[in-house]
Amino acid sequence: MGDTSHSRAQGIYQRIVRSGLLHDSDTAYIFYSRQMLVERLNVLKQAFDSLAILHTVAIKTNPHPAVLSCIVEQGLGLEAASFEEVLLAVSAGAPFNKIVYNSPVKTRKELEYCAHHLPGICINANSIDELERIPSAESLKVGLRINPLVQPSTDMLYNVSREDSKFGVPIFLEEDILKAVFSGRISTIHIHVGSRIETPEILLEALQKTVRLCDKINTELKRAEKPFMLTGINFGGGLSALRNIEASNDLMTQYGKGVREIMINADFRYSLTNEFGQWVHLHNGFAYSRVEYVRSLKEKNIAFLHLGADFFPREIYSPHNALNFEFYTPNGETRSGVQGKTDLAGPLCFNGDYLSKDLEAPALSEGDIVAIPSVGANTFGLWSRHCSRTIPTFFSEKMDNPSEIENISSRFNPFVNLAD
């Protein structure tokens with residue numbers, strides 16, 4: 001992260017302290033900037049300007065109701081990876097025709113509910129087998145997910161385009177895909193190749209392969225004088241937020257330019273849908289933890305914090321992206337002093353729960369604050385039940401008065417009656 005984000009994190013901490021909203025029980029808390037969210041969404045819109053496109057944001061990346069409502073208020077849709085997320089989208093006020101339902105495991109009851117109560121919702125079948133489970137209802141917009149079989153340079157956990165992937169119909173099964181489209185139920189082809197992809201080339205390759213397939217299918221439909229065609233391409237998300245906001249914005253602009261060039265050269269016109277998540281949310285979130293105490297060892301110190309693998313499961317269980325840290329005194333001044341090796345230990349009861357080990361940091365004391373910027377994605381949404389920890393208080397700036405802080409959800413535990 002650059003200095004701008006670091007100074008922002010410190011300024012936010014000081015504003016939270018001045019707000020008077022903190023309680024002694026708030027040993028850790030989250031701030032999510034909806035103002036930064038709006039800025040990110042505007043960059044996203046501008047990157048695809050002039051294209052017929054529905055931008056949706058993946059609910060799973062940050063499902064906080066206040067965040068979802070803000071996205072909807074900006075005119076974007078929401079992408080749901082479960083029926084529960086469909087209901088969250090509805091609660092956030094998303095128009096039904098701006099909700100995309102992508103779960104690989106949808107029950108017949110859930111599909112029937114969508115057909116009867118959510119006219120206009122887009123349901124993407126994960127396979128031809130699942131396609132047969134979707135009710136034949138004019139109220140539904142139906143897509144079929146295909147696997148374009150490209151290889152993104154990302155961690156294998158996030159690569160969903162392998163031949164053995166549980167997602168989508170492999171693109172080489174062209175005859176099966178064509179037969180499914182000829183049934184007349186499918187209007188959209190859906191693709192998604194992976195997450196945290198740092199260059200647009202592989203995403204553009206997948207889109208190009210998909211456009212060629214759609215053009216070929218539409219040519220066959222036209223030749224057969226069918227009264228329907230493929231009219232939409234839902235090309236997922238997956239673009240990384242990178243480590244720097246400016247570079248991230250440039251990457252999205254570059255991607256949008258590439259998408260525009262592909263679509264201009266398509267044989268048929270298609271409406272587009274995308275589903276960004278991490279790119280939208282990552283840099284908008286900031287986490288803060290009080291140092292509960294410090295244990296002094298011979299060669300280093302261990303500072304014990306109130307956030308660990310409960311809030312950062314991806315970073316700790318699969319540590320491919322290091323977190324960034326800032327250190328403050330309780331009143332918000334930068335903690336200075338001689339740098340030494342420090343382990344930042346989380347609160348969970350297993351020995352792998354460290355946010356960082358052998359980190360060069362100033363000597364920390366009980367009551368100091370560790371701030372962690374750029375944590376708005378895949379943190380709150382992945383909160384772990386390990387050790388039954390309490391979900392922290394969630395702050396944001398007021399939308400009608402950004403200079404003021406508000407509590408958009410207090411600390412809570414679904415199974416425990418909390419004492420202050």
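Observations
- Output for segment 1-17, where each listed residue is farther than 25 Å from P63 by Cβ and at pLDDT below 95: G2, D3, T4, H6, S7
- Taking segment 352-420 and the strands (runs of 3 or more DSSP E) fully enclosed by it, the elements with 2 or more residues that are out of contact with any helix residue (DSSP H, G or I) (no Cβ under 9 Å at 6 or more places or on another chain) and open to solvent by 60 Å² or more (accessible area, probe 1.4 Å) are at 354-362.
- Complete set of residues in segment 218-265 that are β-branched (V, I, T), more than 25 Å from R8 (Cβ to Cβ) and touching a residue at least 60 places away in the same chain (Cβ under 8 Å): V259
- Failed criterion for K60 (all others in (1) over 30 Å from A419 (Cα atoms); (2) under 14 Å from the mean Cα position of the chain (by Cα); (3) surrounded by fewer than 21 Cβ atoms within 10 Å (Cβ to Cβ) hold): (1)
- Pair list, Cβ < 7 Å and 6+ apart or interchain, from segment 314-334 residues that are within 12 Å of I372 (Cβ to Cβ) and free of Cβ contacts under 8 Å to residues at least 60 places away in the same chain to residues that are among the acidic types (D, E) and open to solvent by less than 20 Å² (accessible area, probe 1.4 Å): F327/D368
- Among residues of segment 40-55, those that are open to solvent by 40 Å² or more (accessible area, probe 1.4 Å) and small (G, A, S), counted: 2
- Condition check for Y29: in a helix (DSSP H, G or I) and either surrounded by fewer than 20 Cβ atoms within 10 Å (Cβ to Cβ) or modelled with pLDDT of 95 or more (or both): no
- Annotation: D24 fulfils all but one of (1) within 23 Å of P313 (Cβ to Cβ); (2) part of a loop (DSSP other than H, G, I, E, B); (3) out of contact with any helix residue (DSSP H, G or I) (no Cβ under 6 Å at 6 or more places or on another chain); the unmet one is (1).
- Selection count where residues are within 17 Å of L41 (Cα to Cα) and among the small types (G, A, S), scope segment 75-88: 2
- In summary, no strands (runs of 3 or more DSSP E) completely within segment 274-340 bear 3 or more residues that are of a type in the set (D, E), within 28 Å of L37 (Cα to Cα) and open to solvent by less than 30 Å² (accessible area, probe 1.4 Å).
- Of the residues making up segment 32-61, those that are in a loop (DSSP other than H, G, I, E, B) and within 26 Å of G258 (Cβ to Cβ) are F48, D49, S50, L51, A52.
- From G256, G238, G232, residue being open to solvent by less than 50 Å² (accessible area, probe 1.4 Å), touching a Ser or Thr at 6+ places or on another chain (Cβ under 6 Å), of a type outside the set (V, I, T) and modelled with pLDDT of 95 or more: G232
The values are calculated or read from the model by the stated rules, or taken from the named source; none is laboratory data. These numbers come from a predicted model, not from an experiment. When we count neighbours, we look across all protein chains shown, and the Cβ atoms used for this are built from the backbone with ideal geometry, even at glycine. Surface areas here come from the heavy atoms of the whole protein model, side chains and all, with no ligands, DNA or RNA. Shrake-Rupley method; radii C 1.70, N 1.55, O 1.52, S 1.80 Å.
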